[in-house]
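This report concerns only the one structure given below.
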Amino acid sequence: METVLSGIRSTGNLHLGNYFGAVKNFVKMQNEYNCFFFIADYHSLTTHPKPEDLHNNVKKVLAEYLAAGLDPEKSTIYIQSDVPEIPELYLLLNMNAYIGELERTTTFKEKIRTQPDNVNAGLLTYPVLMAADIIIHKANKVPVGKDQEQNLEMARKFAKRFNHMYNVDCFPEPSAFNFGKQLVKIPGLDGSGKMGKSEGNGIYLIDEPKVIRKKVMKAKTDSGPTQENQSKPEAIENLFTLMKVVSTNDTYEYFDEKYNKCEIRYGDLKKQLAEDIIKFNTPMREKIIDTLKNEEYLRKVANLGAQKARESASKTVKEVREIIGFKSF
Ligand code: TRP
């Protein structure tokens, strides 16, 4: 069975874009692949979170993953910092990662531009830690968005380099993974682009009904269609895309027809959309809240995940240490 691995940074809550673009597929993938889902809390340190926030952020993401349907029995769900084999492999890989190639990474160059006061070595070697995350379980497939493609390319490079350097076939080359149909890209509510954490245009799984109503009612629209059957500008198309994933077909068709006949009232569409998002969100929100209260359960899940992840990771690190030439006395 092929191994799939996915990581998420422990900053920010899950939004509808994360859910429909990824997590919903993860739930199905659990039945067909050997899945590893982990929360990248070491990676989050590049932005220096406050100690009192670090654990809470991890806890929130864990509860949200579980509420969305990830199953700790079927998959290995764990916290990165519970697996000391990952930093060990990271250290070993760092010896064969070159400053030049790390400096040329788009995400690193972007950070230099956006946070010139905090260009730390962790940022520079971010792709090495990510490579360690992936190859420590000999993962074959990694579901990543466009923004992570270069990091995955680097992981492939480091895996190949290791194999080549020691003339071994230790690591498979991990490839990007699209499960099922075309990935649904969920747009933001600000008229362009995709829903993202940093953009502040998202609806979160944890958002309360009144927050959802407010966000949807504020979404960007225009003055309305002037010709029958005219194509929809991006901001309008975005609302329809959201409707497609949360509303019934009939509802979607109804508003689509109204648009095509130039009879649409965006206020009505938004009201309906908000209610349908709420209908979709509510059970998940309640589950997140319940799960967050259940410390005992969260502890059990994290411990089980750590145990399974370490079992897999320590096998790889043992093999790697032998290949490199470490021997115990
Ligand atoms: N860099 C990823 C992100 O920002 C998170 C991540 C860390 C990751 N390690 C990973 C993703 C390993 C996939 C595999 O979204």
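The values are calculated or read from the model by the stated rules, or taken from the named source; none is laboratory data. The shown structure was predicted, so the numbers you read here are calculated from the model rather than taken from an experiment. We place every Cβ from the backbone using ideal geometry, glycine too, and count neighbours over all the protein chains shown. Side chains are part of the model used for accessible areas, which takes the heavy atoms of the whole protein and leaves out ligands, DNA and RNA. Shrake-Rupley method; radii C 1.70, N 1.55, O 1.52, S 1.80 Å.
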Hits in the stretch 253-302 (condition: among the acidic types (Asp, Glu) and open to solvent by 60 Å² or more (accessible area, probe 1.4 Å)) | 253, 257, 263, 268, 275, 286, 290, 295, 296
So residue 166 clears everything in (1) within 14 Å of the ligand (Cβ to nearest atom); (2) open to solvent by 60 Å² or more (accessible area, probe 1.4 Å); (3) touching a residue at least 24 places away in the same chain (Cβ under 8 Å) except one condition, right? Which one?
-> (1)
Given the conditions (1) touching a Lys or Arg at 6+ places or on another chain (Cβ under 7 Å); (2) closer than 27 Å to residue 189 by Cα, and given that residue 6 satisfies all but one, which numbered condition is not satisfied?
-> (1)
In the stretch 293-310, is there at least one residue being β-branched (Val, Ile, Thr) and outside the structural domain of residue 90 (by TED's automatic domain parsing)?
-> no
State all residues of the stretch 133-163 that are within 12 Å of the ligand (Cβ to nearest atom) and more than 23 Å from residue 76 (Cβ to Cβ); if no residue qualifies, say none.
-> 146, 147, 149, 150, 154
By residue number, the members of the stretch 134-179 that are farther than 24 Å from residue 106 by Cα and part of a helix (DSSP H, G or I) are 163, 164, 165, 166
Taking interchain pairs and intrachain pairs at least six residues apart, which have beta carbon atoms under 9 angstrom, with the first residue in the stretch 299-316 and in a helix (DSSP H, G or I) and the second open to solvent by 100 Å² or more (accessible area, probe 1.4 Å)?
-> 304/73
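Here is a yes/no grid of residues against (1) of a type in the set (A, V, I, L, M, F, W, C); (2) surrounded by 13 or more Cβ atoms within 10 Å (Cβ to Cβ); (3) not assigned by TED's automatic domain parsing to the domain that holds residue 151:
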position	(1), (2), (3)
81	no, yes, no
92	yes, yes, no
98	no, no, no
105	no, yes, no
110	no, no, no
Output the residue which, of all residues in the stretch 45-75 that are buried (at least 22 other Cβ atoms within 10 Å of the Cβ) and hydroxyl-bearing (Ser, Thr, Tyr), is farthest from the chain's Cα centre (by Cα).
-> 75
May I ask you to verify whether residue 130 is open to solvent by less than 40 Å² (accessible area, probe 1.4 Å), assigned by TED's automatic domain parsing to the domain that holds residue 15 and touching a Gly at 6+ places or on another chain (Cβ under 8 Å)?
-> yes
Read through the list (1) of a type in the set (Val, Ile, Thr); (2) open to solvent by 20 Å² or more (accessible area, probe 1.4 Å); (3) within 23 Å of the chain's Cα centre (by Cα); (4) more than 10 Å from the ligand (Cβ to nearest atom), then give the number of the only condition that residue 119 fails.
-> (3)
Identify all residues within the stretch 136-149 that are open to solvent by less than 20 Å² (accessible area, probe 1.4 Å) and in contact with a Pro (Cβ under 7 Å, 6 or more places away or on another chain); write none if there are none.
-> 139, 142
Mind checking whether some residue in the stretch 233-249 is hydroxyl-bearing (Ser, Thr, Tyr), without any contact (Cβ under 8 Å) to a residue 60 or more places away in the chain and touching a Ser or Thr at 6+ places or on another chain (Cβ under 9 Å)?
-> no
